[in-house]
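The values are calculated or read from the model by the stated rules, or taken from the named source; none is laboratory data. Predicted, not measured: the structure shown is a model, and the values here were computed from it. Cβ coordinates were reconstructed from backbone atoms using ideal geometry, including for glycine residues, and neighbour counts include every protein chain displayed.
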Amino acid sequence: MIVLGLDTATRATAVAVLDSETGAMHERRDDPPAEERPRHTTRLLPLARQVLADAGTDWSGVELIAVGTGPGTFTGIRIGVATARALASARRAPIAGVSTLQALASAAVGAERDGELLLAVLDARRREVFVAGWDPVEAGRADAEPVLAPRTLAPHLLADALAGSGERWLAVGDGALAYRAEVEGAGARVPAEDSPLHRVSAGEICRLARTARAGTPGEVRPDYLREPDAKLRQAGRA
């Protein structure tokens with residue numbers, strides 16, 4: 001089966017193609033400089049065409065479309081999910097939504113660990129993070145129950161969230177980097193800043209999609225995990 005995976009929940013635009021029979025993976029991504037805005041709108045489909053060519057196929061070869069449903073930036077998630085839905089409709093292909101947090105955690109399963117659980121931490125802006133945790137034995141299955149359920153919280157409250165688990169954690173993601181002091185203060189270990197473990201992988205979106213429930217475009221919904229910034233600003237003015 002040829003799986004096309006997309007994720008635009010973070011600043012990066014990530015696309016991958018997985019041949020589930022051979023295990024061959026091809027991935028491309030666009031990581032804009034810190035001073036530039038995300039380029040999801042202009043880069044997503046060109047990257048998809050390029051990665052399909054890398055895999056020696058085209059749109060007609062896609063048998064399953066997988067998309068990261070967030071949490072992350074409201075605009076980014078909306079672009080990724082809407083694009084995946086449109087592609088699935090046009091190709092009449094099944095589509096599977098995958099947690100972006102779980103994809104981040106699942107990619108760290110093979111990392112060097114000393115009995116640590118996997119903590120995915122994404123920068124939610126407004127001095128908050130999106131966070132969730134998985135047992136590495138279970139993290140590679142889309143239907144796995146998280147040890148720490150996805151939530152939004154202030155970084156300084158992370159220690160309270162982890163305290164009840166009695167476990168040690170390996171924390172990955174741009175939120176773990178942005179709030180390294182708070183995350184490490186909560187007792188988690190954060191890999192070096194240049195570690196690829198901090199980047200959401202579209203390849204992992206593809207892998208998780210193989211164990212996810214695929215359905216129709218209307219069944220895949222974004223997981224914002226909190227109200228979008230614009231709505232919160234309107235509520236504040238009210």
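So I65 passes all but one of these: (1) surrounded by fewer than 24 Cβ atoms within 10 Å (Cβ to Cβ); (2) touching a residue at least 60 places away in the same chain (Cβ under 8 Å); (3) at negative phi. Which condition number does it fail?
Only one criterion is unmet by I65, namely (1).
Filtering the range 162-176 down to residues that are buried (at least 19 other Cβ atoms within 10 Å of the Cβ) and among the hydrophobic types (A, V, I, L, M, F, W, C), which residue is modelled with the lowest pLDDT?
If we take residues in the range 162-176 being buried (at least 19 other Cβ atoms within 10 Å of the Cβ) and among the hydrophobic types (A, V, I, L, M, F, W, C), then L162 is modelled with the lowest pLDDT.
Regarding E193, is this residue modelled with pLDDT under 95, more than 19 Å from T100 (Cβ to Cβ) and assigned to a loop (DSSP other than H, G, I, E, B)?
Values: modelled with pLDDT under 95: no; more than 19 Å from T100 (Cβ to Cβ): yes; assigned to a loop (DSSP other than H, G, I, E, B): yes.
For E193, the condition - modelled with pLDDT under 95, more than 19 Å from T100 (Cβ to Cβ) and assigned to a loop (DSSP other than H, G, I, E, B) - is not met.
If S165 satisfies all but one of (1) part of a loop (DSSP other than H, G, I, E, B); (2) closer than 14 Å to L101 by Cα, what's the number of the condition it fails?
Result: S165 fails condition (2) only.
Can you find a residue that is in a helix (DSSP H, G or I), touching a residue at least 12 places away in the same chain (Cβ under 8 Å), surrounded by 20 or more Cβ atoms within 10 Å (Cβ to Cβ) and not hydrophobic (A, V, I, L, M, F, W, C) anywhere in the range 48-57?
Filtering the range 48-57 down to residues in a helix (DSSP H, G or I) leaves 48-54.
This time we only want the ones that are touching a residue at least 12 places away in the same chain (Cβ under 8 Å), so: 48, 50-52, 54.
Narrowing further to those that are surrounded by 20 or more Cβ atoms within 10 Å (Cβ to Cβ): 48, 51-52.
Those still in the list that are not hydrophobic (A, V, I, L, M, F, W, C) too: none.
No: the range 48-57 contains no residue that is in a helix (DSSP H, G or I), touching a residue at least 12 places away in the same chain (Cβ under 8 Å), surrounded by 20 or more Cβ atoms within 10 Å (Cβ to Cβ) and not hydrophobic (A, V, I, L, M, F, W, C).
Among the numbered criteria (1) surrounded by fewer than 24 Cβ atoms within 10 Å (Cβ to Cβ); (2) of a type in the set (S, T, N, Q); (3) outside the structural domain of G187 (by TED's automatic domain parsing), which one does S106 miss?
(1)
Between a residue in the range 199-216 that is part of a loop (DSSP other than H, G, I, E, B) and any residue that is among the small types (G, A, S) and surrounded by fewer than 17 Cβ atoms within 10 Å (Cβ to Cβ), which pairs come within a Cβ distance under 9 Å, given they are 6 or more apart or on different chains?
If the second residue must be among the small types (G, A, S) and surrounded by fewer than 17 Cβ atoms within 10 Å (Cβ to Cβ), the pairs left are R210/S20; T216/S89.
Between A90, A108, A124, which is assigned to a loop (DSSP other than H, G, I, E, B), out of contact with any Asp or Glu (no Cβ under 7 Å at 6 or more places or on another chain) and of a type in the set (A, V, I, L, M)? Walk me through how you get there before you give the answer.
On the way: A90 fails: assigned to a loop (DSSP other than H, G, I, E, B); A124 fails: assigned to a loop (DSSP other than H, G, I, E, B).
Going through A90, A108, A124 in turn, just one is assigned to a loop (DSSP other than H, G, I, E, B), out of contact with any Asp or Glu (no Cβ under 7 Å at 6 or more places or on another chain) and of a type in the set (A, V, I, L, M): A108.
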